[in-house]
Amino acid sequence: MVRLIYREKLQLIIKYCKDFHADDSKFKVSGDLTLNNLEIVLENKLGSCQHRSAIFLMLCHYYQIPARVLESETHVFVEVKVDNELMQLT
């Protein structure tokens, strides 16, 4: 198994999450990310910024990348620590 370095792991997570789309007539995901809609979100890369951020955070924590979710009145995003600096990712 190839061991990925921190930046490579982060780039893979960013690439995966950038492919998410917010709306699809075939599937509707609303509200918090639960086990009931987790499979739909992961398989179809479907969900709002709220769902994408939850998946992003989960993957960061899995790869031991320091991250947290931040929310404003209209948007949810993730803040990641890179080279001792905080980077906000939408």
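Tabulated results
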{"quantity": "Inter-site label distance for E43 and I5 at 7 Å from Cα along Cβ, in nm", "calculated": "3.7 nm"}
{"quantity": "Förster radius 22 Å - calculated FRET efficiency between I14 and K81, Cβ distance, rounded to 0.05", "calculated": "0.95"}
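No value in this document is a laboratory result; all are computed from the given coordinates. These numbers come from a predicted model, not from an experiment. Glycine gets a Cβ as well: all are built from the backbone with ideal geometry, and neighbour counts include every protein chain shown.
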